[in-house]
Amino acid sequence: MGTHTAQPQRARLRRYATSYAMLLPFLALFLAFLVWPLANSLFLSFTDFDGITPARLTGLENFGNLLFEDDRFRHALGNTFIYVLASVVIGTLLSLGLALAFSGSSWPHRIMRTIFFLPSVTSSIALMLMWKWIFFPSDVGLANTVVGWLGGSTVQWLATPSLTIPILVLMSVWGGMGYGMVLYVAGLNTIPGEYYEAARIDGATAWQQFRSITLPLLRPVTTYVVVTGLIGAFQIFEAVYIVFRGTNSVGGVLDSGLMIVPYLYDQGFTHFQLGYASAIAWVLFAIIFVISMINLRLGRAMKEL
Amino acid sequence: MRRTMAVFCAGVLTLGTGCATGGQTETKQADTSAPATISFWSTGGDDETAIFQKAADLYKQSHPNVTVKVQTLAWDDAYAKLLAAATSRSGPDVISGGMTWTIQFGIRGAMVDLRKHGIDTLKAQALPAQWESAIAPDGTVYGVPLDMSTHALYYRTDLFEKAGIKSPPTTWEELTGTIEALKKAGVKKAFSQDWGNLDWIGYFNYLYQAGGSFYTDDCKPSLDTPQAEQALKFWVDLYRQHGAPTATVEGGDALDTGTAMVSAGSWIAKGLDIDRPKLKDKWAMVPLPAGPAGAKTFVGGRAIGVTAFSKYVAQSAEFVKFLYTDQAVQVMVKEASGRNLPFISARADKIGQSTFTPEQSAVFEASIRSGVAAPGCPGWDESAPDVSKQLQSVILGKADAKTALTEAAKIMEKNAG
Amino acid sequence: MTTAPAPTRPRASFDAGEPERDERRRKRRGHLLRLPFYLLALTMIAPFYWMLISVFKTPTELNRHPPSFVPGSPTLNNFYDPDWSATQINPGHLQGVFQRFQVDFGFGRFMFNSLIITIAITVGSLLIASLAAYVIAKHEIKGRRVIFIMIIASMMIPWQTTLIPNYVIMRNLGWLDSYAGYIVPALAKAFVLFFLVQFLQSIPNELIQAARVDGAGEWRIWWQIVLPLLRPALAAMSIFIVLAEWNNFLWPLIIVQSDEMANVPVALARLSSYFGGAQHYGTIMAAGFLASLPTVIFFLVFQRYFTRGIVLSGVKG
């Protein structure tokens, strides 16, 4: 762009003005509905704002309570970590498996890919209601019918605390593996065929080829699938709210499905603790920030290898 | 470090104070003689909205200047929506919702004290137990009861006959006895609970039937009593010994799919014959079995109040009062009957004139007359979910009754402030 | 679904392996390894099938045990039941989706709301983001690096952080319960800008320079050169935005106050919150079916772009 220095000063100024004018719509909206609310939420996280009476500054009290005293938050945090770990690991492995199974361009492969991708384009709330209907507590539900075929007795799927997280993981993996599969298929198709050719000539087994060619070359895709999966999973809300919500609290029986964002909602919008809820949001931010940083570090370290 | 922190905090402060709260401002009242449009957010179903709209339309005949628009809030979202409205001090003039909601919003300044509008005259017409529950601990009237609901024991007459059981249970002992007799006769699903399953409302009945209570009369938590323990043990045994399911199946569904006895809300009586043709003439209902301390049943319902950010406080209060008049009750019951909806007005003298059949009405009236409503003590709403969780941990075998109750009492103590 | 096909060359898949002469054994192993995934496909189809048959069952059939797997007497009553009436009792008849909500056009109104909102946000956010992306990628102006870094940093912030303050802002602007409340706060999407900037940076400057030499203004360059160049990137992003906005739930849940302004997800949630019994799931599934229809059709029509778009964003992001 240095070629333009010869232009008259006025023209350059006009170009500058145009540039800023073009930036303006985005920037104005960005500042008004993201930066400004963020500053507010940071402020609120240091107050006891209840939504109605004016906020009072309480310093670090919210964060102190959250990190050191609030058992429910700790419980929510624990649930979230278990859920995130399980859903991301299982989801990623199945995505990779699916990609290896159905990466071809023949019609059976294409149909399979379409089937697995379908949940990604179906209304997410509709899918949750579908699961609620599948796990219907009496024996008219699908899950209990299947259990009946296998000779078991009726299971109270959504009211059994030990089943809550597994069901949430199932919903997440079922709905998300097709998406990861598409990314992996694309990744597989960028690997030059010559690599495998050469490996074959060297007599490498399928497993050796997979270990030494496929996996390493898919690493960028894996990183992407894992990181986006992690960030998405940490923010889980609808699944808990729609499927497990009880009359009295959002977390389901014994809080077995209580996660970070549902807890934020519970505190902010059913307990008049908007200041506290803001603090929860910032803790969530810190977690996602750390993950992103670790990812960045890992990415860099990988490159140096 | 400390200084940067201070500077940072100051910056955030100045940034934040601008918009965060906006402070609490007195809402300017509109001229009482000018035309007013009152927005009434009704928690419940769309059908119920139609009932209240009918009353609103009738109100307009005598108050041509006042138009009331009723709108539905779903139970699940209602609390959050009301909180959002209160935060923004915009939205409804009149709200209805759970019995104690108006208190929760009221003590934070989002509801009008209706005593200033002469509304506590309704006290004489309301059911005392329900009235106590709707008013704030300090006596302020942020809301008044809007309607009533209660529990009943529904049972399948055909299954009882098959098992050779002559009459439905009337005491705790008979309840467990009947369950076992049914099981012996091959009825797989003998007993289940709908309203209040795994929840404090479910425990409520047994607690009061055993002579216990959540709070003493002067609002001291009273869950660490032998009565409370006895009640909890009995309730937990219904799950653990007698096989009551922990998952909540809607009462009608449960009866329809072969459950012999269901403890459920009064409202399900209405839809049973219509939604479930299969059940016709195969079911009946009685008051809940009595405990060691006699018959006591939970009385629920909704409360209605006027928001502090309404421009039409006087007109709104007038409308709330109107809902207690004979003609309003009559038109609401009529509309509800036409729509086949359950509806028991908040007028204590009109419990018998609900939309139910005379036999059903008699059962509910008996329950309500001896009924107890949710505690209106400070901190109860905050405590309720945690108390429920303590109860759940006993039902699911994760704690024993005594520890859980002590824990629950501690939570209530803490929240009482 | 199609991805860049590479039919003949050897690839990493369950067919990979030892030299050619083992062809038959290799094929057999490939099938064997695929078998569990075909079974997995069954578990993908079964829930959808269950949802679909429920749509056409009568209330009585929904309550049947054991459940039927082919609707006994298929009916469209779950959408609209002509024999149901609010004031006339009619056993065995329940409200269909289009009778459940007391607003004009019933559920159709929510579909309309969602459609308007989704289209407006998609078009609006792509336009303003492409403008800004053009400046950041191709203009030498002061502060662009700072702005870009700020925008990248903001991508790490979970949006729930802004939920409460944004709600208060909507109140102050009087935008609660309005299309503006849905649309305006959703327009500045950091990840879209980030993606478009990256895409533009990989495009050489020649075309733009040539246009400048010809005396074209910056706005015209944006409209006539940059936007067409960005087409694949815009297509990729529109897929994300459409899906996200069509499914948006928490924000609408908070800002919608009147029945008329609900979007499809909020209406769906409300439907299931009123009616819990098995006999109502016909209607609930019918509503879910309607809610899914637009995005599924969108996907089937633009399948090619979907895959490409996802891949594009994955490789760049």
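A short reminder: the numbers here are calculations on the coordinates, not readings from a lab. Bear in mind that the values here come from a model prediction, so they are computed numbers and not experimental data. Cβ: placed from backbone, ideal geometry, glycine included. Neighbour counts: every protein chain shown.
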Notebook entry, point to check: Among A:Val146, C:Val70, A:Val155, what is the fewest-to-most ranking by other Cβ atoms within 10 Å?
Noted result: C:Val70, A:Val146, A:Val155
Margin query: Tell me the net charge near A:Thr80. Cut-off is 13 Å between Cβ atoms, A:Thr80 excluded, with +1 for each Lys or Arg and -1 for each Asp or Glu.
Written below: +1
Notebook entry, point to check: Using r as the Cβ-Cβ distance of A:Trp207 and C:Arg231, and R0 as 30 Å, what FRET efficiency do you calculate, to the nearest 0.05?
Noted result: 0.10
Notebook entry, point to check: If you add up the charges near B:Val387, with Lys and Arg at +1 and Asp and Glu at -1, over every other residue whose beta carbon is less than 14 angstrom from its beta carbon, what do you get?
Noted result: -4
Next item on the list: Determine, for C:Lys142, B:Lys162, the number of other Cβ atoms within 10 Å of each Cβ, and report the residues in order from fewest to most.
Entry: C:Lys142, B:Lys162
Next item on the list: Evaluate E = 1/(1 + (r/R0)^6) for C:Val213 and C:Ser258, where r is the Cβ-Cβ distance and R0 equals 41 Å; express this FRET efficiency to the nearest 0.05.
Entry: 0.15
Item checked: Other protein chain Cβ atoms within 10 Å, averaged over every residue that makes up A:265-273 -> 6
Notebook entry, point to check: Can you run phi through the Karplus equation (6.51, -1.76, 1.60; θ = phi - 60°) for segment A:111-120 and list ³J(HN,Hα) in whole Hz, with x for Gly and Pro?
Noted result: 5, 4, 4, 4, 4, 6, 8, 3, x, 5
Next item on the list: Using a 10 Å cut-off on Cβ to Cβ distances, tally the other chain neighbours for every residue of C:40-51 and report the average as a whole number.
Entry: 6
Check: Which of the lysines could a cross-linker span from B:Lys69 if the Cα-Cα distance has to be under 23 Å and same-chain partners fewer than 8 positions apart are dropped?
Finding: B:Lys28, B:Lys54, B:Lys60, B:Lys81, B:Lys311, B:Lys321, B:Lys334
Check: Spin-label point model (7 Å from Cα, Cβ direction): what's the B:Arg240 to A:Phe68 distance in nm?
Finding: 3.7 nm
Notebook entry, point to check: Dividing the convex hull volume of the alpha carbon atoms of segment A:45-155 by its residue count, what do you get in Å³ per residue?
Noted result: 227 Å³
Check: Which value at 222 nm does chain A reach when only helices count, each DSSP H run of 4 or more adding -39,500 (n - 2.57), with the total divided by all residues and rounded to the nearest 500 deg cm²/dmol?
Finding: -21500 deg cm²/dmol
Notebook entry, point to check: Which of the lysines could a cross-linker bridge to C:Lys189, judged by Cα under 23 Å and excluding same-chain residues fewer than eight apart?
Noted result: C:Lys138, C:Lys142, C:Lys316
Next item on the list: Could you work out how far apart the two model spin labels at B:Lys166 and C:Val301 are, taking each label as a point 7 Å from the Cα in the direction of the beta carbon, and quote it in nm?
Entry: 7.2 nm
Item checked: Part-to-part distance (alpha-carbon centres) for segment C:25-53 and segment B:39-74, which is given in Å -> 54 Å
Next item on the list: For chain B, return all DSSP H helices satisfying: extent of Cα atoms along own axis at least 15 Å; mean Kyte-Doolittle hydropathy at least 0.5.
Entry: B:2-17
Notebook entry, point to check: Roughly how compact is chain A, stated as its Cα Rg over 2.2 N^0.38 Å to two decimals?
Noted result: 1.30
Check: Hey, which lysines would be in cross-link range of B:Lys398, C-alpha to C-alpha under 17 Å, not counting anything within fewer than 8 residues on its own chain?
Finding: B:Lys233, B:Lys389
Checklist line | Förster-model FRET efficiency, 56 Å R0, C:Ile152 and C:His65, C-beta, rounded to 0.05 | finding: 0.50
Check: So what's Rg/Rh here for the protein assembly as shown, counting alpha carbon atoms and using the Kirkwood radius for Rh?
Finding: 0.99
Check: Which shape class, rounded, prolate or oblate, goes with chain B when its Cα gyration tensor gives a ≥ b ≥ c as root eigenvalues, a/c under 1.5 marks rounded, and past that a/b bigger than b/c marks prolate?
Finding: oblate
Check: Among B:Tyr215, C:Tyr305, which comes first, then next, by fewest other beta-carbon atoms within 10 Å?
Finding: C:Tyr305, B:Tyr215
Note to self: Please report, ordered by residue number, every helix of chain C (full DSSP H runs) that is 24 Å or longer along its axis going by C-alpha atoms and whose mean Kyte-Doolittle hydropathy reaches 1.0.
What the structure shows: C:107-138, C:281-301
Margin query: Quick check: net charge around A:Gly275, other residues with Cβ under 11 Å of its Cβ, Lys/Arg +1 and Asp/Glu -1?
Written below: -2
Check: What are the semi-axes of the equivalent ellipsoid of segment B:128-199, taken as the square roots of 5 times the eigenvalues of the Cα gyration tensor, listed largest first and rounded to whole Å?
Finding: 38, 11, 11
Next item on the list: Sort segment C:28-117 into rounded, prolate or oblate with this rule: let a ≥ b ≥ c be the square roots of the eigenvalues of the Cα gyration tensor; rounded if a/c is under 1.5, and if a/c is not under 1.5, prolate when a/b is larger than b/c, oblate otherwise.
Entry: oblate
Check: Whose amide H sits under 5 Å from the amide H of B:Ala36, counting only residues 5 or more places off or on another chain, with H placed in the peptide plane?
Finding: B:Val66, B:Thr67
Margin query: As an exercise, find the ratio Rg/Rh for segment B:75-141 from alpha-carbon atoms, using the Kirkwood inverse-distance average for Rh.
Written below: 0.97
Margin query: Which order do the peptides A:13-20, C:279-286, C:204-211, B:358-365 come out in when sorted by mean C-beta neighbours inside 10 angstrom, highest first?
Written below: C:279-286, B:358-365, A:13-20, C:204-211
Check: What is the Cα convex hull volume of segment C:107-316 when expressed per residue in Å³?
Finding: 151 Å³
Note to self: Need one value for A:182-195: mean number of C-beta atoms belonging to other chains within 10 Å of its residues' C-beta atoms.
What the structure shows: 5
Notebook entry, point to check: Per-residue ellipticity at 222 nm for chain B, helices alone: DSSP H runs ≥ 4 residues times -39500 (n - 2.57), over residue total, nearest 500 deg cm²/dmol?
Noted result: -13500 deg cm²/dmol
